[in-house]
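The structure under discussion appears below in the form of structure tokens.
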Amino acid sequence: MTQFRESKKNMRVFTESPTFVKDLNEMIKSTGATVNADDVRQPKYNYEEYKETTLDSFLRANYSKEMGDKNMNWWLAKTIPYAKTSYWDLISTCKIGEKKGIVLFQSKNYINELIYLGNPRLQAIYHKEALTENDINITKAIDEANKGINKAIKGVKISTANCYQLSNWVANAWWLAENGIPTVLVCNGFLNKNGENYQNHIPFATDSDWKNMFKAVAIKAGVDKILDKWVNCGNESFITISTSTQNKNSK
């Protein structure tokens, strides 16, 4: 049987719950988006196999090959073994007004899990090693997203060197909106007051634990400026929200 990390266990239990659609809709209620039982979502979670999903693969399967390829080429300079676009805990279609949209969902389980300087693959720069073409391309992609967002709302400062995970998430939400797909980005903390520490990380016991950590990271990346606001990207808009939910896998 595949061994799951805590986050994978939590997502599996969350998505397999009979109240999953209801729970997700409650989380995104403030955005006006809705998810129905027949909306398509990836990945599928089960005890025997776990496969995270990438945005480009989701777009190929549920929109078009061209859209998926466009996303991949925006993020990567070369499609070589082990080079992937970002992995997501959950991607789902949804309804936003009268349009088909997307929910991007990422979760964290431990205090400070979201805080580090940048993409580990880019840490080579601190050791004076050469960056790969893909690393350089990702930097350009996030910079492009940052410039695009700042046309609508000033003060955002996402980058590969500044809160990379959150920067990555926001950049991809921007890209979808820029390409005509309204998007809800959900940044979620799983709460587990009885959870055990993991590699010196402490589980979120309360909503305040999650909010305090996320707020600190959001401020550092300037994402606090766009939190809970629809950002108009020209072709469509995206919104970033912060939520927390009780870990149903907890004791």
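The values are calculated or read from the model by the stated rules, or taken from the named source; none is laboratory data. Bear in mind that the values here come from a model prediction, so they are computed numbers and not experimental data. Using ideal geometry, Cβ is built from the backbone for each residue, glycine included, and neighbour counts are taken over all protein chains shown.
LEU104 - would you say it is crowded, with 21+ Cβ neighbours inside 10 Å and either touching a residue at least 12 places away in the same chain (Cβ under 8 Å) or closer than 11 Å to ILE181 by Cβ (or both)?
yes
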Q) Do we have THR243 as over 19 Å from LEU55 (Cα atoms), surrounded by 18 or more Cβ atoms within 10 Å (Cβ to Cβ) and within 14 Å of the chain's Cα centre (by Cα) here? A) yes
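Which of the residues belonging to region 16-29 are part of a helix (DSSP H, G or I) and either modelled with pLDDT under 85 or out of contact with any Asp or Glu (no Cβ under 9 Å at 6 or more places or on another chain) (or both)?
GLU16, PHE20, LYS22, ASP23, LEU24, ASN25, GLU26, MET27, ILE28, LYS29, listed by residue number.
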Contact list, first residue from region 30-45 and closer than 16 Å to PHE58 by Cβ and in a loop (DSSP other than H, G, I, E, B), second anywhere and modelled with pLDDT of 95 or more and of a type in the set (Gly, Ala, Ser), beta-carbon distance below 8 Å, six or more apart or interchain, is VAL35/SER92; ASP39/SER92; VAL40/SER92
